[in-house]
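Enquirer: One structure is given below, represented as structure tokens, and several questions about it will come after.
The values are calculated or read from the model by the stated rules, or taken from the named source; none is laboratory data. All of these numbers come straight from a predicted model, not from anything done at the bench. Heads up, the Cβs are rebuilt from the backbone with ideal geometry, glycines too, and the neighbour counts pull from every protein chain shown. When the accessible area is computed, the model is the full protein with side chains, heavy atoms only, and any ligands, DNA or RNA have been set aside. Shrake-Rupley method; radii C 1.70, N 1.55, O 1.52, S 1.80 Å.
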Amino acid sequence: MNSQATFRMGPALGTAIAMVLAAIAAVLVTWAALSQPWLGLDKVIGGEGPGIAITGTAPTGPAAGVDGTRLLSIEGADGTQLTLSAQDALEEPDVLPTHAAMAALFAHQGQIHDMLTGGPVTLRTDAGEFVVTPRDSRPFGSLPLIFWIQVFVGMAPIVLGGWVVSLRPRDPAAWLFAMAGLGLALSAMTAAWYSTRDLAVPEAGFAAASHVNMFGSLLFGACMTSMLWSYPRRLLPGWTIYLPLAVFFLWYLGNPLGLWSGRATGAHLGTAVEMACMTLGLLAQIWAARKQPKDRGIALWFGASILLGCGGFIALMAIPGALGYPAALRQGHAFLLFLFVYVGLAIGVARYRMFDLGDWSFRLFYYAGGVALLFAVDAALISAMSLEAVSAFSASLLLVVVLYLPLRDQLASLLRKRRRVPDLSDAVVAVALATNADQRSERFDDMLTDAFAPLAIDLAPAAVDRPVLVDEGAAMDLPGPGGLAARRLHWTRGGHRLYAPDDVARATRLLAAIERFDKLALARDRAVEEERARIDRDVHDNIGVQLLGALHSDNTERKNALIRQTLTDLRNIVANTKVDDAPLRDVVADLRGEIGSLYDAAGIGLNWTTGTLPQMTISASMAATLRAVLREATGNALRHSGAERVAVVVEGTTAGLSVTVEDDGSGISAAAVRGNGLDNLTLRAAAIGGIFDIRSTTRGTHLSAYLPFDAAPALPLAGE
């Protein structure tokens, strides 16, 4: 064994370790929350007026008998009395204007906590005085849902960070991402502890948790800034990756050192600066990656994630506050928006399903745009027209549904410049029917160019047995049909996009179609050879003998009879009339397989319904007409209608057969009917006593035919 071998942690083990660390952190926070004294009061967060607004009490809690709507003061067992205010119910002390005000809140909370741990207390409300004895610890079931939301938000980035680092252990961006997750976890879990307190927590713990919360927020923004400056493309020299970390750590130190008067400057301004730096980095990444589809996909995905998370936070929290209305979300719920950001960034950094990030990012842009438009219209209606909140929200929702959603698909088509998938049925057949290897190779490359518009086509470095993505979608390898060398296609859509699983599926269908047509061509060649051998054998065994007999016959009448019989037998041999009749169900099944393979290759949906068919053998003319109707009708729909889906229905009784072909294309003009071979279908149906009809509008074309079984066949059509 090599003593120099190093241990490399795999993704499964790295993620498992991160999950254990996240679980330990959650247990510690839960233990800290449960270790506090408990009264069982349901209070209003913040608010105005004297004391703390209370909405009820826990039925089994110590304060179950307390009555009133406002808790005004609390008196300890030693007679000390403290007046309460709405500040004692604040979720986040950062909203206080100065550090001195925050320190006063921490001290006041500490005094209340000491009273609660010192024995019975007297609660004074607007309804009277009530003596209660707080419990030493809080029951597990009393922890609110918002506590668990914040704990989950704290656990998720730890797990995601471990997963990304285990996937890309040597990538600095992965470690920055994990450190950003640590910052988000510190911020969310400390907030979970003090924002859901029953009435009070210890002074030292409250102050320390608040500082850790602020440090986590600044750490998250600093690491995200550094990551966006260096990933997916390095925009600045390598040493600059540490600059945001150093600057914002010093910014944080300004709080305990007293350089900032309050959290507005010491925390919120720093966070705003970080967001500005992140935005600039993101825009620079999108610009730098404009000619690199892989990196551009990551940058767009980052932008969509940040827009959805941060934009949602601004729409739901910042804008209502700026307009003087209460925030639409509590702080704990707002953390979920940052979790959206983090999950999106995790996918981008890990490059999981990298080839789909472009499509996903556009979808997120649409959803985020709809949410932003909804709340912008809502705020505008409230501000400009003085509507009630419910009425304004209903009106804005109606406008978004009526205006934004119908235009979303058109916007997607414009932005993404999606083009219609070309019909490749003729190209597939051309490859299969190539007469030599050089011609097949040329036609195969032409088909791939039409299908994927690659930037370049080269020979693959190794053989493959199925289409596979290479370099996270930058290229695609696929096997060559019929003994051709494997190909490597570089970039798609002229170099503007990565290959995606849809491209793999499309290539698989095309190769399968070529293989089916190869088999059909091989069967055709084999049938031709067998038919030639049969004709040669029959001519040698029958015609030659009859002609020799006629040549040596002295009887003119007999000679003429032999010649007439020879001509009749020759026609029968060439026409092979002995195998004209065929089972109806076999003919329909063969046609379904033949037409289905063409539609699979073209990527157009085919709904084929075979109703009840009698168990019978049909005549040669009936079989030929049925084949002609279905082949011509479905072929026209495939080549000329521009349809996305074609429906075929074949059903019959003992009297006759009904055939319907319907598409959702743009229709065909009356003048085009003659040029598409449809006149011949009318003649063919009439030749066996049947009926053929066609109706076409701008919404599609409907063809139907009824072919009776018992009609006497008419004379052959001209040219048959």
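Enquirer: State whether one or more residues within segment 677-694 are at negative phi, surrounded by 21 or more Cβ atoms within 10 Å (Cβ to Cβ), basic (K, R) and at pLDDT below 85.
Expert: yes
Enquirer: Considering each residue of segment 208-254, count those that are among the hydroxyl-bearing types (S, T, Y) and either under 28 Å from the mean Cα position of the chain (by Cα) or under 18 Å from L186 (Cα atoms) (or both), and give that number. Write out each step before concluding.
Expert: Narrowing segment 208-254 to residues among the hydroxyl-bearing types (S, T, Y): 210, 217, 225-226, 230-231, 240, 242, 252.
Of the ones still in play, those that are also either under 28 Å from the mean Cα position of the chain (by Cα) or under 18 Å from L186 (Cα atoms) (or both) are 210, 217, 225, 230-231, 252.
Count: 6.
Enquirer: Please find, among D78, D88, the residue that is exposed (fewer than 15 other Cβ atoms within 10 Å of the Cβ) and closer than 21 Å to D136 by Cα. Talk me through it step by step, then tell me what you get.
Expert: On the way: D88 fails: exposed (fewer than 15 other Cβ atoms within 10 Å of the Cβ).
Answer to the selection: D78.
Enquirer: Now for a separate question. What residue, among those in segment 6-24 that are at pLDDT 85 or above and surrounded by fewer than 18 Cβ atoms within 10 Å (Cβ to Cβ), is nearest to the chain's Cα centre (by Cα)? Give the steps one after another, and end with the answer.
Expert: Going residue by residue through segment 6-24, those that are at pLDDT 85 or above are 17-24.
Next, only the ones that are surrounded by fewer than 18 Cβ atoms within 10 Å (Cβ to Cβ) stay: 17, 19-21, 23-24.
On the way: I17: 29, M19: 26, V20: 30, L21: 31, A23: 30, I24: 33 Å.
My answer is M19.
Enquirer: Please work out which residue is most open to solvent (accessible area, probe 1.4 Å), limiting yourself to segment 422-457 and to residues that are over 27 Å from I595 (Cβ atoms) and polar (S, T, N, Q).
Expert: Looking at residues that are over 27 Å from I595 (Cβ atoms) and polar (S, T, N, Q), I get N436.
Enquirer: Another question, then. Is there any pair linking a residue in segment 20-49 that is closer than 19 Å to I149 by Cβ to one that is open to solvent by 50 Å² or more (accessible area, probe 1.4 Å), with Cβ under 6 Å and at least six apart or on different chains, and which?
Expert: Between residues of segment 20-49 that are closer than 19 Å to I149 by Cβ and residues that are open to solvent by 50 Å² or more (accessible area, probe 1.4 Å), the close pairs are A22/M155; A26/M155; L34/S137; D42/T55.
Enquirer: Just give me the residues in segment 423-445 being in contact with a Gly (Cβ under 9 Å, 6 or more places away or on another chain) and more than 26 Å from I604 (Cβ to Cβ), in sequence order.
Expert: Step one: list which residues in segment 423-445 are in contact with a Gly (Cβ under 9 Å, 6 or more places away or on another chain), which gives 423-425, 431-432, 434, 437, 440-441, 444.
Passing the criteria: A437, S441.
Enquirer: Tally up the residues in segment 93-104 that are open to solvent by less than 20 Å² (accessible area, probe 1.4 Å) and either charged (D, E, K, R) or under 25 Å from G119 (Cα atoms) (or both), please.
Expert: At the first step, the residues of segment 93-104 found to be open to solvent by less than 20 Å² (accessible area, probe 1.4 Å) are 93-94, 96, 102.
From what is left, the residues that are either charged (D, E, K, R) or under 25 Å from G119 (Cα atoms) (or both) are 94.
Residues meeting the conditions: 1.
Enquirer: Something else: Just to be sure, is V673 modelled with pLDDT of 75 or more, surrounded by 15 or more Cβ atoms within 10 Å (Cβ to Cβ) and under 27 Å from V428 (Cα atoms)? Before the answer, list the steps.
Expert: Numbers: modelled with pLDDT of 75 or more: no; surrounded by 15 or more Cβ atoms within 10 Å (Cβ to Cβ): yes; under 27 Å from V428 (Cα atoms): yes.
When the stated conditions are applied, V673 does not pass them.
Enquirer: Within the bounds of segment 639-651, is there any residue that is at pLDDT below 80, under 14 Å from L703 (Cα atoms), in contact with a Gly (Cβ under 6 Å, 6 or more places away or on another chain) and part of a helix (DSSP H, G or I)?
Expert: No; the residues of segment 639-651 include none that is at pLDDT below 80, under 14 Å from L703 (Cα atoms), in contact with a Gly (Cβ under 6 Å, 6 or more places away or on another chain) and part of a helix (DSSP H, G or I).
Enquirer: Here's another thing I want to ask about it. Looking at (1) modelled with pLDDT of 85 or more; (2) surrounded by fewer than 17 Cβ atoms within 10 Å (Cβ to Cβ); (3) farther than 26 Å from A185 by Cα, which is the only condition S3 fails?
Expert: S3 satisfies every listed condition except (1).
Enquirer: With the condition kept exactly as written, say whether any residue in segment 458-469 is touching a Phe, Trp or Tyr at 6+ places or on another chain (Cβ under 8 Å) and either aliphatic (A, V, I, L, M) or open to solvent by less than 10 Å² (accessible area, probe 1.4 Å) (or both).
Expert: Taking every residue of segment 458-469 in turn, at least one turns out to be touching a Phe, Trp or Tyr at 6+ places or on another chain (Cβ under 8 Å) and either aliphatic (A, V, I, L, M) or open to solvent by less than 10 Å² (accessible area, probe 1.4 Å) (or both).
Enquirer: Please tell me if L236 is open to solvent by 40 Å² or more (accessible area, probe 1.4 Å), part of a loop (DSSP other than H, G, I, E, B) and touching a Ser or Thr at 6+ places or on another chain (Cβ under 9 Å).
Expert: Details: open to solvent by 40 Å² or more (accessible area, probe 1.4 Å): yes; part of a loop (DSSP other than H, G, I, E, B): yes; touching a Ser or Thr at 6+ places or on another chain (Cβ under 9 Å): yes.
Considered against the rule, which asks whether it is open to solvent by 40 Å² or more (accessible area, probe 1.4 Å), part of a loop (DSSP other than H, G, I, E, B) and touching a Ser or Thr at 6+ places or on another chain (Cβ under 9 Å), L236 comes out as yes.
Enquirer: Those residues that are at pLDDT 85 or above and either aromatic (F, W, Y) or touching an Asp or Glu at 6+ places or on another chain (Cβ under 6 Å) (or both), I need them from segment 458-474; list them, please.
Expert: Within segment 458-474, A460, V464, V468 qualify.
Enquirer: Further question: Restricting attention to segment 147-175, report how many residues are part of a helix (DSSP H, G or I) and open to solvent by 10 Å² or more (accessible area, probe 1.4 Å). Steps first, answer last, please.
Expert: Residues of segment 147-175 that are part of a helix (DSSP H, G or I), as a first pass: 147-167, 172-175.
Next, only the ones that are open to solvent by 10 Å² or more (accessible area, probe 1.4 Å) stay: 148-149, 152, 155-156, 158-160, 162-163, 165, 167, 172, 175.
Of the residues in segment 147-175, 14 are part of a helix (DSSP H, G or I) and open to solvent by 10 Å² or more (accessible area, probe 1.4 Å).
Enquirer: Let me ask something else. Have a look at T625, T612 and point out the one that is at pLDDT 75 or above, within 26 Å of A687 (Cα to Cα) and open to solvent by 50 Å² or more (accessible area, probe 1.4 Å). Show your work before the answer.
Expert: Details: T625 fails: open to solvent by 50 Å² or more (accessible area, probe 1.4 Å).
Answer to the selection: T612.
Enquirer: Is there any pair with a first residue in segment 481-499 that is open to solvent by 20 Å² or more (accessible area, probe 1.4 Å) and a second that is aromatic (F, W, Y) and modelled with pLDDT of 70 or more whose Cβ atoms are under 7 Å apart and which are 6 or more apart or on different chains, and what are they?
Expert: Matching pairs, first to second residue: L484/F444.
Enquirer: Also: As an exercise: evaluate G79 against (1) at positive phi; (2) touching a strand residue (DSSP E or B) at 6+ places or on another chain (Cβ under 7 Å) and give the number of the one condition it does not meet.
Expert: Looking at each condition in turn, G79 falls short on (2).
Enquirer: Find the helices (runs of 4 or more DSSP H) located wholly in segment 499-588 whose residues include 3 or more that are more than 30 Å from Q615 (Cα to Cα), at pLDDT 80 or above and within 42 Å of the chain's Cα centre (by Cα), and list them.
Expert: On the way: elements: 501-538, 544-551, 556-575.
Per the criteria, 501-538.
Enquirer: Right, next: Looking only at segment 75-107, how many residues end up being farther than 14 Å from L123 by Cβ and part of a strand (DSSP E or B)?
Expert: Number satisfying all stated conditions: 1.
Enquirer: Next question. With the condition kept exactly as written, say whether any residue in segment 481-495 is under 28 Å from the mean Cα position of the chain (by Cα), at negative phi and not in a strand (DSSP E or B).
Expert: No, segment 481-495 has no match at all.
Enquirer: Oh, and also: Got a number for residues in segment 176-192 being within 24 Å of S137 (Cα to Cα) and surrounded by fewer than 24 Cβ atoms within 10 Å (Cβ to Cβ)?
Expert: Selection size over segment 176-192: 1.
Residues checked against (1) among the hydroxyl-bearing types (S, T, Y); (2) at pLDDT 80 or above; (3) out of contact with any His (no Cβ under 6 Å at 6 or more places or on another chain); (4) on the phi < 0 side of the Ramachandran plot:
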position	(1), (2), (3), (4)
M227	no, yes, yes, yes
S230	yes, yes, yes, yes
G238	no, no, yes, yes
V247	no, yes, yes, yes
W251	no, yes, yes, yes
C277	no, yes, yes, yes
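Enquirer: R197 passes all but one of (1) over 30 Å from I74 (Cα atoms); (2) in contact (Cβ under 8 Å) with a residue 12 or more places away in the chain; which number fails?
Expert: Going through the list (1) over 30 Å from I74 (Cα atoms); (2) in contact (Cβ under 8 Å) with a residue 12 or more places away in the chain, R197 breaks only (1).
Enquirer: The conditions are (1) open to solvent by 50 Å² or more (accessible area, probe 1.4 Å); (2) in a helix (DSSP H, G or I), and L72 fails exactly one of them. Which is it?
Expert: Single failed check for L72: (2).
Enquirer: Could you check segment 108-137 and list, in sequence order, the residues that are open to solvent by less than 30 Å² (accessible area, probe 1.4 Å), over 16 Å from G51 (Cα atoms) and either assigned to a helix (DSSP H, G or I) or touching a residue at least 60 places away in the same chain (Cβ under 8 Å) (or both)?
Expert: Answer for segment 108-137, where residues must be open to solvent by less than 30 Å² (accessible area, probe 1.4 Å), over 16 Å from G51 (Cα atoms) and either assigned to a helix (DSSP H, G or I) or touching a residue at least 60 places away in the same chain (Cβ under 8 Å) (or both): G110, H113, M115, L116, V132, P134.
Enquirer: Then there is this: Please specify each residue of segment 161-214 satisfying the condition of being touching a Pro at 6+ places or on another chain (Cβ under 6 Å), more than 18 Å from N255 (Cα to Cα) and of a type in the set (G, A, S).
Expert: If we filter segment 161-214 for residues that are touching a Pro at 6+ places or on another chain (Cβ under 6 Å), which is where we start, we get 166-167, 181, 184-185, 196, 210.
Filter again for more than 18 Å from N255 (Cα to Cα), leaving 166-167, 181, 184-185, 196.
Hits for segment 161-214 are S166, G181, A185.
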